[in-house]
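Coordinate-derived values only; no laboratory data. Given the structure is predicted, the values throughout are model-derived calculations rather than measurements. Reconstructed Cβ throughout: ideal geometry from the backbone, glycine too, with neighbour counts over all protein chains shown.
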Amino acid sequence: MFGPFKPAPHIAELPADKIDARYKFLRWQVFAGIFFGYAAYYFVRANFDLAQKGLIEEVYITKLN
């Protein structure tokens, strides 16, 4: 197969005592990603409403485009 399509090599399973800590870390990582991703979306969406009038006047973009 081509390099990017080769499957990753197998890795050993985590010991039972480390699984809970790993999942706790991953849960926080997913939560932070969703939180900051939505915050960025909300920030950009709010600023686009403010910039919309300037875009319509200077670039001649209509709301229908």
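For the chain, just say rounded, prolate or oblate: build the C-alpha gyration tensor, square-root its eigenvalues into a ≥ b ≥ c, call rounded for a/c under 1.5, and beyond that prolate if a/b exceeds b/c, oblate if not. Verdict is oblate for the chain. Tell me, what is the FRET efficiency for Ala39 and Glu13 to the nearest 0.05, using R0 = 35 angstrom and their Cβ-Cβ distance as r? Approximately 0.50, to the nearest 0.05. Rounded to the nearest 20, the Cβ-based charge dipole of the chain about its Cα centre (Lys and Arg +1, Asp and Glu -1) stands at 140 debye. Positive end of the dipole of the chain (Cβ unit charges, origin at the Cα centre): among Ile61, Ile19, Ile34, the Cα lying farthest that way belongs to Ile19.
Computed from the Cβ-Cβ distance with R0 of 30 Å, the FRET efficiency linking Ile61 to Ala32 stands at 0.30.
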